[in-house]
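Below is one structure, written out as structure tokens; the observations come after it.
Every number in this text was worked out from the coordinates using simple rules, so none of it is lab data. Given the structure is predicted, the values throughout are model-derived calculations rather than measurements. Using ideal geometry, Cβ is built from the backbone for each residue, glycine included, and neighbour counts are taken over all protein chains shown.
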Amino acid sequence: MTTLCQEFDELIGETRLHSTERQELLERIVIEARARRPLLALLGQLLNTDRETTLRTLATGLPGAGPGTARQETFRCPDGACDRTAVPPPAGAVPRCAVLGRLMERG
């Protein structure tokens, strides 16, 4: 229940990208959660996993929920005047050109 509560908004957003059947299953999960009834079997259906796999999955967070992992991006000079590239930390701020003070471009 804790995992569902913490990641509920993200789960709804992810489920909206799926079939009507999966959206209806999520609605059933919400009804059962509000009634404080067991959710493990329904979450297993949502995740297409057996009981043990569902338990392990929930221990690490619901798929499609949570902050996710940003992919690494490189940035280059905003006007092509130099060959500098910058690689900020994942989901970090876009680097700026030291000379112009402008944001660097993805590249």
So who's got an amide H within less than 5 Å of the one on LEU103, skipping anything under 5 residues away but keeping other chains? H placed 1.01 Å off N, in plane.
CYS97
Can you work out the Karplus-derived ³J(HN,Hα) for every residue in region 8-19? Use 6.51 cos²θ - 1.76 cosθ + 1.60 with θ = phi - 60°, whole Hz, and x for glycine or proline.
4, 4, 5, 5, 4, x, 5, 5, 4, 7, 10, 5
Along region 24-41, Karplus-curve 3J(HN,Hα) (6.51, -1.76, 1.60; θ = phi - 60°) to the nearest Hz, with x for Gly and Pro, reads 5, 5, 4, 4, 4, 4, 4, 4, 5, 5, 5, 7, 6, 9, x, 10, 4, 5
Select from LEU47, HIS18, VAL30 the residue farthest towards the positive end of the dipole of region 2-59; place +1 on Cβ of Lys and Arg, -1 on Cβ of Asp and Glu, and compute about the Cα centre.
VAL30
In whole Hz, with x marking every Gly and Pro, tabulate ³J(HN,Hα) for region 93-98 from phi via Karplus 6.51 cos²θ - 1.76 cosθ + 1.60, θ = phi - 60°.
5, 5, x, 10, 5, 5
Fully extended, how many nm does the chain gain between LEU40 and CYS82 (0.36 nm per residue separation, minus their Cα-Cα distance)?
9.5 nm
